[in-house]
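Once you've had a glance at the structure underneath, I'll fire off some questions.
The values are calculated or read from the model by the stated rules, or taken from the named source; none is laboratory data. Owing to the predicted nature of the structure, the values given are computational and were not obtained by experimental measurement. Every residue, glycine as well, gets a Cβ built from its backbone with ideal geometry; the counts of neighbours run over all protein chains shown.
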Amino acid sequence: MKKILALTGVLFLATAGGVVAQGAQVPFGSIASGQAQTVEMAADSLAIDQDNNTAVFTGNVVAGIGDLRLAADRVEVLYDLSSGANTGKIRSLRASGHVVFTSGEESAQADNATYEIENGNVLMTGNVILTQGPNALSGNELRIDLNAGTALMTGRVQTIFQTGGDN
């Protein structure tokens with residue numbers, strides 16, 4: 001009898017996992033990545049450090065990267081000088097403090113985030129909340145690969161999926 005109950009429990013979890021997964025989509029999956037992206041920034045202040053190839057925007061920072069919007073208390077811009085020439089190519093954005101990424105009906109909040117522009121990787125850490133329309137996920141870390149169309153949420157993941165049925 002115990003084996004039947006255990007097997008039933010496993011089948012229920014496997015079936016429920018399949019149903020839940022149907023409501024999920026890769027966050028920001030329609031966002032293009034790469035060096036051709038135009039990045040627009042606005043903030044209360046800007047500090048530039050040419051020795052470290054960085055620019056730090058602080059206070060009410062808002063950035064636009066194509067259809068993606070980023071808001072945070074602080075955003076550090078790291079420039080790519082691998083070619084040896086100062087071309088102004090942005091390698092990554094490191095955001096901290098009340099970080100919010102939005103695109104259409106999708107929104108992700110976290111304490112910190114790094115967006116590697118060329119390879120399309122986004123890492124959000126600390127109190128992550130992802131909303132996609134009526135669905136919501138939370139956890140400690142969210143990794144998104146925009147090019148591969150994959151995402152991984154880890155660290156005590158909790159979710160609410162709306163099935164679209166009448167209650």
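Considering Gly88, Gly97, Gly133, Gly139, which residue is buried (at least 17 other Cβ atoms within 10 Å of the Cβ) and of a type outside the set (A, V, I, L, M, F, W, C)? Before the answer, list the steps.
Values: Gly88 fails: buried (at least 17 other Cβ atoms within 10 Å of the Cβ); Gly97 fails: buried (at least 17 other Cβ atoms within 10 Å of the Cβ); Gly133 fails: buried (at least 17 other Cβ atoms within 10 Å of the Cβ).
Only one candidate passes the filter, namely Gly139.
OK, next. What about Ala42, is it modelled with pLDDT of 95 or more and farther than 25 Å from Gly149 by Cα?
yes
Right, Asn112: surrounded by fewer than 16 Cβ atoms within 10 Å (Cβ to Cβ), at pLDDT 90 or above and touching a strand residue (DSSP E or B) at 6+ places or on another chain (Cβ under 8 Å) or not?
no
Pairs, please: C-beta under 6 Å, at least 6 apart or cross-chain, first residue in contact (Cβ under 8 Å) with a residue 40 or more places away in the chain and in segment 62-76, second in a strand (DSSP E or B) and β-branched (Val, Ile, Thr)?
Correct list of pairs: Ile65/Val39; Ala72/Val61; Ala72/Val99.
Just to check your reading of the model, which residue among Glu76, Glu118, Glu105 is surrounded by fewer than 16 Cβ atoms within 10 Å (Cβ to Cβ) and under 27 Å from Ala43 (Cβ atoms)? Show your work before the answer.
Values: Glu76 fails: surrounded by fewer than 16 Cβ atoms within 10 Å (Cβ to Cβ); Glu118 fails: surrounded by fewer than 16 Cβ atoms within 10 Å (Cβ to Cβ).
None of the other options fit; the residue is Glu105.
Here is a further query. I'd like to check something: does segment 65-73 contain any residue that is in contact with a Lys or Arg (Cβ under 9 Å, 6 or more places away or on another chain), farther than 26 Å from Gln162 by Cβ, surrounded by 17 or more Cβ atoms within 10 Å (Cβ to Cβ) and modelled with pLDDT of 95 or more?
No, every residue in segment 65-73 fails to be in contact with a Lys or Arg (Cβ under 9 Å, 6 or more places away or on another chain), farther than 26 Å from Gln162 by Cβ, surrounded by 17 or more Cβ atoms within 10 Å (Cβ to Cβ) and modelled with pLDDT of 95 or more.
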